[in-house]
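*Asks:* For reference, the structure I am asking about is given below.
The values are calculated or read from the model by the stated rules, or taken from the named source; none is laboratory data. Note that the structure is predicted; figures quoted are calculated from it, not measured. Heads up, the Cβs are rebuilt from the backbone with ideal geometry, glycines too, and the neighbour counts pull from every protein chain shown.
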Amino acid sequence: MDKNRLHTLIQKYIDQTATPAEQEELNNWYRQHNEDAEWEYLSAEAEERAGKDILQHLNRHIGQTAQPPVRRMRLYAGLAAACITALAITAWWLTSGDSHIGQPVADLNIATAAQTDENKFVVLPDSSTVILRPGSHIAYHDTHKTRELTLEGEAYFDIRHRAEQPFVIHTGKVKTTVMGTTFNIKAYSRDSVTVSVITGSVKVSDAQNHTAILHSRQEAVYDITTNLKKQEQPLAEGTIAWTKADMQFQDMPYAQLAERLSRRYDVNISFKNPALEKCPITGRFSGTETLKEVLDVLSQTMGTTYTMQGHQVELDGSGCF
């Protein structure tokens with residue numbers, strides 16, 4: 001498991017947003033690194049002790065003040081140990097070699113080819129999601145105080161709210177600050193940027209310190225000749241129609257759709273029953289759904305089932321008539 005994937009699983013576990021499959025992936029990682037792990041339920045006292053161990057370890061290695069968890073969750077002993085061990089490794093990455101406390105916790109660089117037909121669904125280390133249009137590129141950095149992302153191209157964002165850690169997006173000479181909302185940014189040129197808010201609100205500013213506060217269904221346009229301007233008319237319908245362009249299909253063979261979903265969500269999809277591969281399938285999605293949401297709908301439509309283990313997905317069913 002690479003560093004970015006491990007950090008993502010750790011962060012999701014801490015945020016209590018990890019799916020059962022992701023928890024099991026973290027469990028499996030721990031099994032591979034500790035053959036002596038015991039697999040039994042923790043008592044309430046052991047849970048509290050494990051949580052304190054994690055906090056103490058972070059305080060020692062990262063030097064940050066952490067608050068004890070308010071809610072207890074029923075954990076496997078191995079999963080709790082995995083989190084402690086994984087957090088220790090994360091701290092070691094931050095403090096070993098030429099690294100210093102205060103440097104980004106997580107770096108993520110993703111680019112999409114302009115020639116592809118599929119958008120790219122990206123889950124950031126903070127569990128926020130980004131849909132990248134073909135030919136676009138993002139670079140994400142977590143600096144403890146802020147979450148920083150640089151965009152070239154066009155992307156749709158659904159940002160997780162963190163009151164103590166704003167999310168800042170840099171696009172050429174425009175900076176967009178958001179706490180938690182959904183919005184679209186088009187920035188194919190440093191001299192022309194459009195920020196469109198779907199829900200919530202954001203603050204947009206340019207290099208000349210012109211500022212615009214945008215709320216739901218509002219838009220601001222930056223142009224090098226006119227600077228930043230908030231549009232008077234409501235957000236046009238179809239602003240984010242591109243997000244669903246690759247998720248509208250008619251009588252597509254299931255195997256072809258599986259290949260598309262594999263590229264879009266960065267997973268490997270296989271068929272337990274090969275008879276499913278040629279079954280025609282029709283669907284209409286918004287393009288903002290998670291892979292699980294898509295598979296749930298497809299399973300109901302086709303009368304099939306699926307299993308998901310990390311980046312591996314297996315589809316099964318009786319075939320089509």
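*Asks:* Only residues that are hydrophobic (A, V, I, L, M, F, W, C) and either in contact with a Phe, Trp or Tyr (Cβ under 8 Å, 6 or more places away or on another chain) or closer than 17 Å to Pro166 by Cα (or both): list them for region 111-131, please.
*Replies:* Selection gives Phe121, Leu124, Val130, Ile131.
*Asks:* Filter region 112-148 down to the residues that are hydrophobic (A, V, I, L, M, F, W, C) and in contact with a Leu (Cβ under 8 Å, 6 or more places away or on another chain) and list them by number.
*Replies:* Start the filter on region 112-148 by keeping residues that are hydrophobic (A, V, I, L, M, F, W, C), which leaves 113-114, 121-124, 130-132, 138-139.
Passing the criteria: Phe121, Val122, Leu124, Val130, Ile138, Ala139.
*Asks:* Also: Identify, by number, the condition in (1) modelled with pLDDT under 90; (2) crowded, with 17+ Cβ neighbours inside 10 Å; (3) at positive phi that Gly172 doesn't meet.
*Replies:* (1)
*Asks:* Between Gly283, Gly319, which is modelled with pLDDT under 95 and over 25 Å from Val123 (Cβ atoms)?
*Replies:* Working: Gly283 fails: over 25 Å from Val123 (Cβ atoms).
Going through Gly283, Gly319 in turn, the sole match is Gly319.
*Asks:* Let me ask something additional. Quick one: which strands (runs of 3 or more DSSP E) sit completely within region 215-321 and have at least 3 residues that are in contact (Cβ under 8 Å) with a residue 12 or more places away in the chain, surrounded by fewer than 19 Cβ atoms within 10 Å (Cβ to Cβ) and more than 23 Å from the chain's Cα centre (by Cα)? Lay out the reasoning, then the answer.
*Replies:* On the way: elements: 219-223, 227-230, 248-253, 268-271, 280-284, 305-309, 312-316.
Qualifying strands (runs of 3 or more DSSP E): 227-230, 248-253, 280-284.
*Asks:* State whether the residues of region 190-202 include one that is in contact with a Gly (Cβ under 9 Å, 6 or more places away or on another chain), buried (at least 21 other Cβ atoms within 10 Å of the Cβ) and either assigned by TED's automatic domain parsing to the domain that holds Thr112 or modelled with pLDDT of 90 or more (or both). Before you say what the answer is, go through the steps one by one.
*Replies:* So the first thing to find is which residues in region 190-202 are in contact with a Gly (Cβ under 9 Å, 6 or more places away or on another chain), and the list is 190-193, 200.
Cutting the leftovers down to buried (at least 21 other Cβ atoms within 10 Å of the Cβ) gives us 193.
Those still in the list that are either assigned by TED's automatic domain parsing to the domain that holds Thr112 or modelled with pLDDT of 90 or more (or both) too: 193.
Looking through region 190-202, at least one residue is in contact with a Gly (Cβ under 9 Å, 6 or more places away or on another chain), buried (at least 21 other Cβ atoms within 10 Å of the Cβ) and either assigned by TED's automatic domain parsing to the domain that holds Thr112 or modelled with pLDDT of 90 or more (or both).
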